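The structure under discussion appears below in the form of C-alpha cells.
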Amino acid sequence: MAKASSQRTRSAILMGAKVVIAEVGSYESNMVDIAARAQVSRATVYNHFADKEEMMFSLLESEILRLAELAKKSPSPKDALLVLSCEISGDIALRMMVRTDPKDIAAFVTIGDHPLWQSVQGSLTKLFGPTNASLVLHWLIGQIASPLSASESAHQAEQIARALN
C-alpha cells in the first residue's frame, strides 16, 4: 500500500511539473511551484527526485511510456499514428517549451544513443515494424516544432498507414 501511495505522489509531482512547464516553460519552472501544483511539500518532491534535472528526465520517460501505451492499445496502425500525432501536436507543455526553451527542444529531438531514444525506437519498432519505425519517428518529431490540427493528423495518419502496408 505504501508503494502505491508513493507512486501516486510521484505521478502527482510529474503532472504538477507538466502543468508548470505548460505555463512558464522548463527553464522558468521551479521545484516550489511544482510542489504547489502537485499539492505536496517541497521536501516530498526532493524525496522522489534528487533535483530538477532528474525530475524532468522522469517526466520525459513517463510521457514516452504513456504515449507507447496509448499507441499499443490502438486497434490499428492508423489509429496508433493518429493518437500519437494528436497527443504530440496537442501537448501544451511542448508548445510552451518550443517558445521558451528552444535549446532543450533541440536536444530532445536529436536522436541518439540515449536510453530514452532506444525506448522510443523499440516501441515504434514493435508497433510499426523495423523498416517503418524511423519514418514514423521523424514524422512525429516534426510535430513538436510544427504541430498538426486534428484533421491534418487524421489525414496524414491515414496516408502514412497506407504507405506502411
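Bear in mind these aren't lab numbers, they're just calculated from the coordinates by the rules spelled out. Every value quoted in this text rests on a predicted model; they were computed, and no experiment measured them. Note that each Cβ is placed from the backbone with ideal geometry, even for glycine, and that neighbours are counted across all protein chains shown.
Things worth noting here:
- Local electrostatic count at TYR46 - Lys and Arg +1, Asp and Glu -1, tallied over other residues with Cβ under 11 Å: 0
- Net charge contributed by nearby residues that have their C-beta within less than 14 Å of PRO77 (K/R +1, D/E -1): +3
- The chain: relative contact order in percent, alpha carbon pairs under 8 Å with at least 6 residues between: 24 percent
- Packing-based ranking, highest mean first, of 9-17, 88-96 given that Cβ atoms within 10 Å are counted: 9-17, 88-96
- For the chain, the membrane-span-like helix rule (DSSP H, alpha carbon extent of at least 15 Å along the helix axis, mean Kyte-Doolittle at least -0.5) picks out 2-28, 52-72, 77-89, 115-128, 133-145, 150-164; this says nothing about an actual membrane.
- A simple packing score, the average count of other Cβ atoms within 10 Å per residue, orders the peptides 142-150, 105-113 as 142-150, 105-113, with the highest score first.
- Debye log10 I(q)/I(0) for region 6-62, one point scatterer per Cα, at q = 0.13, 0.15, 0.18, 0.24 Å⁻¹: -0.24, -0.32, -0.46, -0.87
- Compactness of region 2-164 is given as radius of gyration and Dmax, 16.5, 51 Å, from Cα positions.
- When the helices of the chain are scored as -39500 (n - 2.57) per DSSP H run of n ≥ 4 and the total is divided over every residue, the value at 222 nm lands at -26000 deg cm²/dmol.
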